[in-house]
Amino acid sequence: MVWGAFVAGSDAGFAYNTFPLMNGHWIPPEVDTLTPWWLNPVENTAAIQLIHRTLAMLTGLVVLVLAARVLNARLPGRAGRAALAAGAMVLLQIAMGIATLLTVVWVPIAAAHQAGAILMVSMLVWLLFELRPVGRG
């Protein structure tokens, strides 16, 4: 979510409006053009968007693996529902992010993508709650 804020704040969504490549490159050549080098991750449009895309895909993979593991464990209670909700939400969030990019930041989709980030965190908090150890009573 932090890099999503950097994308929005730097207008990085208006650049590299292709997916999965960034204007024909997996890693755009402009990704490290700022000096000093440490400014690139927070001020360079190419680097900001590359980091956001990478973190989004890795996060999506982790959430889907987590959801699958929870579902395979057949836990009692609502853990399965929370896992399904988190898995579905992460897929929707990724789809909205790609749609935001391909539509060159059409505001209704971009706003839904930002709201989706809050829903994604909410689904993960719910899942964490459902996975809490049951106290001895």
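The values are calculated or read from the model by the stated rules, or taken from the named source; none is laboratory data. All values reported here derive from a predicted model rather than from experimental measurement. Cβ sites come from the backbone with ideal geometry, for glycine too, and all protein chains shown count toward neighbours. These area figures cover heavy atoms from the full protein model, side chains too; ligands, DNA and RNA do not enter into them. Shrake-Rupley method; radii C 1.70, N 1.55, O 1.52, S 1.80 Å.
As a summary of the residue check, Ala115 satisfies the conditions (1) over 22 Å from Val2 (Cβ atoms); (2) assigned to a helix (DSSP H, G or I); (3) without any contact (Cβ under 8 Å) to a residue 60 or more places away in the chain except for the one numbered (1). Condition test on Thr18, is it under 30 Å from Pro133 (Cβ atoms), outside any strand (DSSP E or B) and in contact with a helix residue (DSSP H, G or I) (Cβ under 9 Å, 6 or more places away or on another chain)? Spelling it out, it is not the case that Thr18 is under 30 Å from Pro133 (Cβ atoms), outside any strand (DSSP E or B) and in contact with a helix residue (DSSP H, G or I) (Cβ under 9 Å, 6 or more places away or on another chain). Filtering the range 107-133 to residues that are more than 16 Å from the chain's Cα centre (by Cα) and surrounded by 14 or more Cβ atoms within 10 Å (Cβ to Cβ) leaves Trp126, Leu127, Glu130, Leu131.
Per-residue answers, yes or no, for (1) surrounded by fewer than 18 Cβ atoms within 10 Å (Cβ to Cβ); (2) farther than 26 Å from Ala111 by Cβ; (3) not aliphatic (A, V, I, L, M):
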{"site": "Gly13", "(1), (2), (3)": "no, no, yes"}
{"site": "His25", "(1), (2), (3)": "yes, yes, yes"}
{"site": "Pro29", "(1), (2), (3)": "yes, yes, yes"}
{"site": "Leu34", "(1), (2), (3)": "yes, yes, no"}
{"site": "Trp37", "(1), (2), (3)": "yes, yes, yes"}
{"site": "Val65", "(1), (2), (3)": "yes, yes, no"}
{"site": "Arg74", "(1), (2), (3)": "yes, yes, yes"}
{"site": "Ala79", "(1), (2), (3)": "no, yes, no"}
{"site": "Ala83", "(1), (2), (3)": "no, yes, no"}
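Of the numbered criteria (1) over 27 Å from Leu128 (Cβ atoms); (2) modelled with pLDDT of 95 or more; (3) open to solvent by 80 Å² or more (accessible area, probe 1.4 Å); (4) of a type outside the set (Val, Ile, Thr), the one Ala99 fails is (3). Scanning the range 23-42 for residues being within 20 Å of the chain's Cα centre (by Cα), more than 16 Å from Ser10 (Cα to Cα) and either in a helix (DSSP H, G or I) or aromatic (Phe, Trp, Tyr) (or both) gives a total of 1. Taking the conditions exactly as written (modelled with pLDDT of 95 or more and of a type in the set (Lys, Arg)), does Arg136 satisfy them or not? When the stated conditions are applied, Arg136 does not pass them. Hey, any hits in the range 43-52 for a residue that's among the hydroxyl-bearing types (Ser, Thr, Tyr), in a helix (DSSP H, G or I) and open to solvent by less than 50 Å² (accessible area, probe 1.4 Å)? Taking every residue of the range 43-52 in turn, at least one turns out to be among the hydroxyl-bearing types (Ser, Thr, Tyr), in a helix (DSSP H, G or I) and open to solvent by less than 50 Å² (accessible area, probe 1.4 Å). Just one of the listed residues (Trp126, Trp106) is out of contact with any Pro (no Cβ under 6 Å at 6 or more places or on another chain) and either more than 16 Å from Ala8 (Cβ to Cβ) or not hydrophobic (A, V, I, L, M, F, W, C) (or both), and it is Trp126. Determine the pairs where a residue that is within 18 Å of Gly87 (Cα to Cα), located within the range 46-58, has a partner that is open to solvent by 50 Å² or more (accessible area, probe 1.4 Å) with Cβ atoms under 6 Å apart, the partner being 6 or more residues away or on another chain. What qualifies is Leu55/Trp3.
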